[in-house]
Amino acid sequence: MRLLQTVTDRLRTPREIARAATSVEERLPAGQELLRALFSSTGRAVVVGVTGPPGAGKSTFTDALIHHLRASDKRVAVLAVDPSSPFTGGAILGDRIRMQRHHSDQGVFIRSLATRGSLGGLSAATSDLALLFDAAGYDVIIVETVGVGQDEVDVARIADVTAVILMPGMGDDVQAIKAGIMEVADIYILNKADHPGVERLEAEVQFLLSLSKRDDGWATPIVRCISTEGTGIEDAWAAIERFTAGSHGAHKKLESWKWRLREMLRDRVLSLVDEHALERDAADVSERKVDPYTVVERWMQKLRVN
């Protein structure tokens with residue numbers, strides 16, 4: 001208990017949290033040890049995934065949600081996932097500058113996380129950073145992703161609840177992304193609801209919802225918002241709380257950790273594989289000198305994994 005308190009004391013200021021976050025994101029041994037020590041003090045924060053197509057107003061919605069939560073004295077951490085190049089370092093996207101109005105607020109911590117073209121690493125880093133912010137005492141952790149696609153589907157799996165942001169005027173775009181939103185959405189936010197076409201958009205989303213039924217029985221709500229004015233944000237947060245407070249939220253947490261543990265096990269096993277030996281085996285398989293099933297079995301025996 002004393003050790004845990006000592007470790008927690010290291011996360012009292014934004015500077016200390018940022019330093020710890022860097023250690024965690026870069027998968028340094030010190031970061032891994034820190035997470036092990038802090039894990040028992042996590043589980044109190046709500047992790048909210050915010051995603052949707054480009055231009056839907058995700059950052060504006062996130063900014064408005066931060067403002068609403070701070071009015072209730074909730075501490076908020078934001079993980080802004082950027083499609084950044086590893087060569088440029090992953091700077092915050094231009095449309096996220098508006099969130100910087102909270103930069104002087106000690107109750108808000110915003111960190112940009114570059115995808116660097118690596119989904120597995122991104123998922124692990126996002127999950128680990130969420131745990132870190134949870135342990136640091138943040139009540140709500142918002143993970144804002146860049147769009148709707150396989151990357152966002154996987155990242156959304158670590159969130160306690162996922163809000164998909166849409167806007168009027170998308171037309172056939174809703175149909176184009178329906179596979180993604182049907183899989184990840186726990187709540188639909190119709191942003192810019194004062195624009196023409198919001199009724200049509202809502203009808204399209206309702207039609208998509210009618211095509212399938214969720215295993216957990218949750219009736220996915222549709223909330224209209226005007227994020228620039230703060231309209232509908234209270235209703236959006238109420239829907240988030242309803243989901244996370246009920247059995248649906250508990251079920252999603254369980255499924256999230258099942259998926260996360262599989263990813264951790266996969267990463268750990270792959271880290272034991274010698275890349276040069278794997279390349280030689282790949283060459284042998286490519287030349288039909290050996291079948292891939294025999295190669296995998298050989299590796300399993302070598303790694304002593306049943």
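A few remarks follow.
- Local electrostatic count, THR231, Cβ distance below 15 Å [Lys/Arg +1, Asp/Glu -1]: -3
- Database remark: amide H of VAL46 closer than 5 angstrom to the amide H of VAL140, ILE141 (H placed geometrically; neighbours at sequence offset of 5 or more, or on other chains; Pro and chain starts carry no H).
- Scoring 294-302, 252-260, 221-229, 187-195 by mean Cβ neighbours within 10 Å over their residues and listing the highest first yields 187-195, 221-229, 252-260, 294-302.
- Accessible surface of the range 186-294, 1.4 Å probe, proportion on carbon and sulfur as whole %: 55
- Taking 29 Å as the straight-line reach from the Cα of LYS289, the lysines in range (excluding those fewer than 8 positions away in the same chain) are LYS302.
- Under 5 Å, built H, 5+ apart or other chain: amide partners of VAL146: none
- Computed log10 I(q)/I(0) for the range 239-306 at 0.18, 0.26, 0.28 Å⁻¹: -0.75, -1.10, -1.15, from the Debye equation with unit scatterers placed on every C-alpha and solvent omitted.
- In order through the range 225-230: 3J(HN,Hα) via Karplus (6.51 cos²θ - 1.76 cosθ + 1.60), integer Hz, x for Gly, Pro: 9, 10, 4, 5, 9, x
- Put a dot 7 Å past the Cα of PHE39, heading toward its Cβ, do the same for SER271, and the two dots end up 1.3 nm apart.
- Our estimate of slack between ALA203 and ARG15, defined as 0.36 nm per intervening residue step minus the Cα-Cα distance, is 63.0 nm.
- Taking amide H atoms as placed 1.01 Å from N in the peptide plane, the amide H of ASP82 lies under 5 Å from those of LEU113, ALA114, THR115, each 5 or more residues away in sequence or on another chain.
- Label-point gap, in nm, between GLU279 and MET300 - each point 7 angstrom along Cα→Cβ: 2.7
- Cβ-Cβ FRET estimate between GLU26 and GLU229, R0 fixed at 51 Å, reported to 0.05: 0.80
- Phi-derived couplings, Karplus 6.51 cos²θ - 1.76 cosθ + 1.60 at θ = phi - 60°, listed residue by residue for the range 33-50: 5, 4, 5, 4, 5, 8, 4, 5, 9, 9, x, 9, 6, 9, 9, 10, x, 10 Hz, with x used for Gly and Pro.
The values are calculated or read from the model by the stated rules, or taken from the named source; none is laboratory data. Because the structure is predicted, anything quoted here is derived from the model rather than measured. For neighbour counting, all protein chains shown are included, and Cβ atoms are generated from backbone atoms with ideal geometry for every residue, glycine included. SASA here: full protein model, heavy atoms, side chains in, ligands and nucleic acids out. Shrake-Rupley method; radii C 1.70, N 1.55, O 1.52, S 1.80 Å.
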